[in-house]
Amino acid sequence: MKRIAELAARLIDGDLNAADAEELDQLLARDREAGRELAELCRTEAALRGQQVGLDVAPRVMAAIRQCPELAGLYGAGGSVAVADTEAADRPRRRLVPVWLRVAAGVALFIGLGVSIYRQLFLPTAPVPKASAPVSVAHVLGEVALERAGVQLDATAGLALQRGDTVSVAPSAVATLTYADGTRLVLGAQTQVQLCPAKARRMPDAKRVELRAGVLTAHVAEQAAGQPLTIQTPMATATVLGTRLVLWAGPESTRLDVIEGKVGLSRSTGGAAVDVARGLFAVATPEQALISRPLPPRVRDGLQALYTFRKGTGSLIHDVSGAGPPLDLTIESGEAAAWIPGGGLRFEKPEAFAATARPASRIMEACRQTNELSIEAWVAPAAVDQIGPARIVTLSRDPAGRNFTLGQNGSFAAWPPPGGTFFMARLRSTDTGGNGMPALETSAGSVAADLAHVVYTRDRAGVTRLYVDGVSRTAGERTGDFSNWDSQYRLGLGDEFTHDRPWLGTFRLVAIYSRALPADDVLTNFRAGPHAN
């Protein structure tokens, strides 16, 4: 017993050599009762000292300690020694061994886990792994719950998450989780995920998520070589190095849609695996062959204007809708905008603006006939603090006169805008003024400085909706009809026609429809990605 205490004390103090560690391992294996007796002596010593001391113990080890019957009641939550105050502090104290409390913890851990685990935790023979990549709740809409170590909490914007946390999204709610590297996970309604620890010690920063049920949209920043983001479902595992994807999980099926990049999908049983590239999807079930297939093409019914930003040079943005005479846009102040190789146009300075040379008559006439409208944009804001509202797409004349506008806005109460910014839309009808107010807005904090698919719709019954990344974020009502639309208004991108409401960022696709896209069509276009086919 004395030798066990001496060796354990050396180990805790970092003075135990390999031979001593081997000896302690053998002693505990032969005399487990000695370990129990030492734990009891330490419990008595704790009462004499009348103190409470914290232990910095790894969670997985702490769980083993709590399961050890010899230490029942000795340890409180979080790894602290739970000892009642006592008036016996002035009594003579027996000198058991130095650092008595850590000896007790050491012996208890050896009993439950063996010397090998303790070597890894305390001996300076291997580098300590870096802390896991921070992840937090970036945005919440509706009821979102968090379970941490059996405790139920409300998931609120700004809350730091830990590995082991479970996030549950209620019906009609949405939550966005953000990692320090910019990776975003958007959790749809009735979705549950758990943040999992890395599987391998050599990859302590690898991101692992268990999607237990529901739908998850991932915008994944480029990951370090050999450290992919893995998303596990009941049926399959997706391996991601940097891409955009949508993953649906049910009890016996998992569907993966890849919007950009390439994702590996492997079935949980049987070993089947497939690489799913951009524009493809795959479904994992117990019986079906695991293969990738093309996603449905973008919807075209009711399309009145389509800009894909593919040309890459010059000052013209071509309308490729094929709906009639093209409504091409001309870029003003060309030095303030830059074409992106492979597709896209970046507005880099407030002077950047693009507009039609004449009124967008075809759009207005078609929408007057249907009294419906959809504005679709694949855009990446250059910053989240743009307000004004900053115009993304507008059919208007000046800050007070418009037929419709899709933009980005936030509170003017302080700078930066309190709570973050949001997407918004104004729409003129016979029941509004010339400015199309009030606007329909997503919740504050819903804008990220990253590529987003934003769609505004208004149907014949007056129901309006704003979708972000295929998910309806807000709904409203705009009664009346479009008979009072001004026929002289032109279509513009990136600013108001008075050049005082600039929006900076990247355009990847803009489309205008003379009908309200239903939710299924919005999702189809989102899954098709910004690469129009």
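Laboratory data are not the source of any read-out in this text; all were calculated from the coordinates shown. Predicted, not measured: the structure shown is a model, and the values here were computed from it. Methodologically, a virtual Cβ is constructed for each residue, glycine included, from the backbone with ideal geometry; neighbour enumeration extends over all protein chains shown.
Computed from backbone phi with θ = phi - 60° and the Karplus coefficients 6.51, -1.76 and 1.60, the 3J(HN,Hα) list for segment 424-431 is 8, 9, 10, 9, 7, 8, 5, 9 Hz; x is used for glycine and proline.
Which FRET efficiency, nearest 0.05, do E477 and K349 yield, Cβ-Cβ r, R0 25 Å? E between E477 and K349, to the nearest 0.05, is 0.10.
Which three semi-axes in whole Å describe the equivalent ellipsoid of segment 270-363, each the square root of 5 times a Cα gyration tensor eigenvalue, listed largest first? Show your work: numbers first, answer last.
On the way: eigenvalues 301, 72, 15 Å².
Equivalent ellipsoid semi-axes, largest first: 39, 19, 9 Å.
Between L159 and V137, the built amide H atoms are under 5 Å apart, and every one of these is 5 or more places off in sequence or on another chain.
Between the amide H of G264 and those of T239, V276, distances stay under 5 Å, these residues lying 5 or more places away or on another chain, with hydrogens modeled in the peptide plane. Temperature 25 °C, viscosity 0.890 mPa s: under these conditions the Stokes-Einstein estimate for segment 303-528, based on its Kirkwood radius over C-alpha pairs, is 143 µm² per second.
Between T430 and R460, full extension at 0.36 nm per residue minus the direct alpha carbon distance yields a gain of 9.5 nm.
Only alpha carbons enter this Debye calculation for segment 135-294, each as an equal point scatterer, and the log10 of I(q)/I(0) it gives at q = 0.10, 0.16, 0.21 Å⁻¹ is -0.33, -0.87, -1.42.
Between R163 and E23, the contour length at 0.36 nm per residue exceeds the Cα-Cα span by 46.8 nm.
In loop segments of segment 176-265 as defined by DSSP, the trypsin sites (Lys or Arg not before Pro) with at most 15 further C-beta atoms inside 10 Å of their C-beta are K199, R201, R202. Local charge for R465 was computed over the other residues whose Cβ lies under 15 Å away, with Lys and Arg +1 and Asp and Glu -1, and equals -2.
Counting only other residues whose beta carbon sits under 12 Å from that of A336, what net charge do I get with K and R as +1, D and E as -1?
On the way: positive: R346, K349; negative: E332, E335, E348, E351, D495.
Residues close to A336 contribute a combined charge of -3.
Packing, as the average of other Cβ atoms within 10 Å across residues, places the peptides 380-387, 400-407, 288-295 in the order 400-407, 380-387, 288-295, highest first. Straightening the chain between S253 and K311 buys 16.8 nm, computed as 0.36 nm per residue apart minus the Cα-Cα spacing.
How fast does segment 432-533 diffuse by Stokes-Einstein, in µm²/s, taking the Kirkwood radius from C-alpha pairs at 10 °C and 1.306 mPa s? This corresponds to a translational diffusion coefficient of 102 µm²/s.
Let me check against my output: what whole-number percent is the relative contact order of segment 329-456, with C-alpha pairs under 8 Å and at least 6 apart?
On the way: 230 pairs, mean separation 27.3, N = 128.
Relative contact order comes out at 21 percent.
If you take every residue apart from K311 with its C-beta less than 13 Å away from the C-beta of K311, what net charge results, scoring Lys and Arg +1 and Asp and Glu -1? Let's see the in-between values first.
Details: positive: R310; negative: D319, D328.
For residues surrounding K311, the net value is -1.
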